[in-house]
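Enquirer: Let me give you the structure first, and then I'll get to my questions.
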Amino acid sequence: MKRTFFVLLNLTAFCASLTSLQAADYKGVSTEARQKLLKEFKRIGLNTAPGDAMFLRILVESRGAKRGVEVGSATGYGAINMGIAFERTGGHLYTIDIDPKMVEATRENLKRFGLEKTVTAIEGDALKELPKLEGEFDFVFLDALKRDYLKYLQALAPKLKAGALVVADNVIRSAGEMKDFLEFMQTSPDYEMVIIRSAMEKNDGMAICYKLR
């Protein structure tokens, strides 16, 4: 049986690597303006923690991901951070949420950041919307109903490229609700998994899963 590794990460070294990239303006909105907007962003409890959001941004960019899916938008804080990375890679992110108010807020926030052309917010049940997405994907972030993580993965599996990253949030505190997902990742010959804690705010962690084939 494969082993699962737990890692505590310090993002300082990762963030330092972005210094040269942050010197340039993004499309339509300057780096300084986006940094100010992120600092002033009124996060809610469902939003990704800042450290985790930065880690996702780094994962997308370092992977050179071109097509991503987020399940669970909340008000778009995570989608914005990942969207910045997808803008840099010339890629695109689809973020899905079942709550119309959350989708509306996400769309408004994406416009404020000038990311509405890079990130598409979709309203609907992810289990119904995921099969409708066309093409292949190389990055996935799961942050909706924990008991449905494996179902989300199964809906996306035929569309995932070899080398794709599947990131699942809240895997420490909600491990019992996603036991089937974690057991699948631990035993599947097609994936390797490590569980990390990149931010201490929520005292939780994320599973980083790499699709071997």
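Coordinate-derived values only; no laboratory data. None of these values were measured; they are calculated from a predicted model. Neighbour counts run over all protein chains shown; Cβ positions are idealised from the backbone, glycine included.
Enquirer: Mind listing the phi-derived Karplus ³J(HN,Hα) values for region 127-137, rounded to whole Hz, using 6.51, -1.76 and 1.60 with θ = phi - 60°, and x for any glycine or proline?
Expert: 5, 8, 7, 4, x, 7, 5, 9, x, 9, 10
Enquirer: Okay, next question. Could you go through region 64-75 in sequence order and give the Karplus-derived ³J(HN,Hα) for each residue, using 6.51 cos²θ - 1.76 cosθ + 1.60 with θ = phi - 60°, rounded to whole Hz, and x for Gly and Pro?
Expert: x, 4, 10, 9, x, 9, 10, 10, x, 7, 6, 9
Enquirer: Under 5 Å between amide H atoms, partner at least 5 residues away or on a different chain: which partners does residue 163 have, H built in plane at 1.01 Å?
Expert: Hits under the 5 Å cutoff: 211, 212, 213.
Enquirer: Using amide H atoms built in the peptide plane, which far-off residues or other-chain residues are under 5 Å from residue 95 H to H?
Expert: HN-HN under 5 Å from residue 95: 70, 120, 121, 122.
Enquirer: Return the Rg/Rh ratio of region 110-185 with Cα-based radii and a Kirkwood Rh.
Expert: 0.99
Enquirer: Now, a different point. To the nearest 500 deg cm²/dmol, what mean residue ellipticity at 222 nm is calculated for the chain from DSSP H runs of n ≥ 4 alone, each contributing -39,500 (n - 2.57), summed and divided by the residues?
Expert: -10500 deg cm²/dmol
Enquirer: Label residue 40 and residue 154 with points 7 Å out from Cα along Cα→Cβ: what is the distance between them in nm?
Expert: Placing both labels 7 Å along Cα→Cβ, they lie 4.6 nm apart.
Enquirer: Subtracting the Cα-Cα distance from 0.36 nm times the residue separation, let me have the gained length for residue 128 to residue 203 in nm, one decimal.
Expert: Difference between extended and current length: 23.9 nm.
Enquirer: Further question: Choose one of 103, 149, 55: the residue whose Cα lies farthest towards the positive end of the charge dipole of the chain (beta-carbon charges +1 Lys, Arg; -1 Asp, Glu; about the Cα centre).
Expert: Comparing the listed Cα positions along the dipole, 55 ranks first.
Enquirer: Just order 54-60, 126-132, 149-155, 74-80 by mean Cβ neighbour count inside 10 Å, highest at the front, would you?
Expert: Ranking, from highest mean packing down: 74-80, 54-60, 149-155, 126-132.
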